[in-house]
Structure formats: structure tokens, C-alpha cells
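No value in this document is a laboratory result; all are computed from the given coordinates. Every value quoted in this text rests on a predicted model; they were computed, and no experiment measured them. Glycine also receives a Cβ, built like all others from the backbone with ideal geometry; neighbour counts cover every protein chain displayed.
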Amino acid sequence: MAEAWLGAGRGVGTLAYIKVGTGIGAGLIVNGTLLRGANGFAGEIGHTAIDSSGPPCACGLRGCLQSMVGSATVLERTRALVRSGRVSSVMHQDPMTLTGVAMAAAEGDPVAIEVVEACGHHLGLAIANLFNLLNPSLVLLGGGLTAAGEQLLRPLREAISARTLWASLTQAEVRISALGPQATALGAATLVLQAALADPRMFSRNQSTPPA
Ligand SMILES: [Zn+2]
């Protein structure tokens, strides 16, 4: 909602915002309306299946995107590569963080790049499914992993190109959100504003006056 009202999504009818952090979730706006789903759970892209024989996910399912790209997996994979003898600048991070690994990738650290590229590939598979299903014209990415910049976007775009119907990719764009860490708070604020604009009595002083 923050992107749709204040960011790169202004004037875009159908878009998705995907946050890649501890977990992975998506906000979906279809023809200008936030898609909530029957029970308010639309957008759980982190729990879409990427590999039917993949690792178990915290949700109880198997091979979910989150089990392959979430921060716990990123840190575990990075530590495993370092333990195997690979030299990396992330060895000096205390504590090691998702954003730290992503930034190391952006700075050219080979271990961090290897981990981030795998994430980009898996994320790209999920986004390809999203393109085929919803046909958004814009997909914005946020969260700690996006600090990797092009190191994340390159494999992600390759996976999308290889798995998306050509017609769904025409005039479509995948970008990193420019709203940064404030995006979540801004999005929450737009929901309050939307409710207030839908019912202007919320602005009325009489609302705080108890009935006589
Ligand atoms: Zn899951």
C-alpha cells in the first residue's frame, strides 16, 4: 500500500511487493485493490512450493520458498561455506545478519555472492509463478536481502525470463523498493487513512464526545 500510494507503484493498477527478510511475504494489489483473500491470508508467497523434495519449512510444509531463501537458511548456508574452509568477509560479522551477507555480496564477497545467487534463483521461480498467475506490471522487492542489489537481481531476472509466459512479461518490471525500512510503517498508515477517507466522520470532533 505504501508503494501504491507513495512509491514506485503510484498509478500502477496491478503490482506486488515482496519482502524478503526473516520470512517472505507479498502484498498484492490487483486493479487498484489490495487483495486480502477469503481469510486475510493472500500473499503468503513464502509458503508456495518451490521444490517438492526441498527442506522442511517452519510452517510444517516442505520445499517452501521461505525454507530456501529466508534469513535462517541464508545464514546457515553462509556459515556452512565458511566452515568448509572458504574465506569470506562475513566471518568477521558478529552477529552475522541477512543484511550483512547481502551487503557483502554487493561488495563482491564470493561466498556471499554464491549464497545470494541461489536465493535470487529460487525467488525468481516464485516470482515467475506470480507473473503467470496475476500478470502484475510491477514487482517491487524489499527486506534485508535486497541490499545485495544486482547480485540478487541478475539470477532472479534469469529465472523469471526462463519460467514466465512471454505475454506476462511484456511491459513488466522487477525493481528494488526505494522506500527502505519505513515501507511497512508507511503501508500501515495508508490503511488508517483509507479507513478515515471512507468514513469522514472519523475526523469529526463529535466522535470523541460521549452521547448525551
Ligand atoms: Zn512454509
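Taking the listed residues Gly100, Gly85, the one that is in a loop (DSSP other than H, G, I, E, B) and away from the ligand (no atom under 16 Å from the Cβ) is Gly85, with no other qualifying. Within region 23-41, the only residue that satisfies the criterion of being more than 21 Å from Ala128 (Cβ to Cβ) and surrounded by 14 or more Cβ atoms within 10 Å (Cβ to Cβ) is Leu34. On the stretch given as region 93-112, residues that are touching a residue at least 24 places away in the same chain (Cβ under 8 Å) and surrounded by 19 or more Cβ atoms within 10 Å (Cβ to Cβ) total 7. Residues in region 1-22 that are buried (at least 17 other Cβ atoms within 10 Å of the Cβ), not in a loop (DSSP other than H, G, I, E, B) and not aromatic (Phe, Trp, Tyr): Ala2, Glu3, Ala4, Leu15, Ala16, Ile18, Lys19, Val20.
Checked against the criterion of being at positive phi, outside any strand (DSSP E or B) and surrounded by fewer than 20 Cβ atoms within 10 Å (Cβ to Cβ), region 126-146 has at least one qualifying residue. Checking each residue in region 42-61 for being surrounded by 14 or more Cβ atoms within 10 Å (Cβ to Cβ), more than 19 Å from Gly21 (Cβ to Cβ) and near the ligand (Cβ under 9 Å from one of its atoms) picks out Ala49, Leu61.
Is one or more of the residues making up region 88-96 part of a loop (DSSP other than H, G, I, E, B), within 25 Å of Leu179 (Cβ to Cβ) and more than 16 Å from the ligand (Cβ to nearest atom)?
At the first step, the residues of region 88-96 found to be part of a loop (DSSP other than H, G, I, E, B) are 88, 93-96.
Keeping just the survivors that are within 25 Å of Leu179 (Cβ to Cβ) gives none.
There is no residue in region 88-96 that is part of a loop (DSSP other than H, G, I, E, B), within 25 Å of Leu179 (Cβ to Cβ) and more than 16 Å from the ligand (Cβ to nearest atom).
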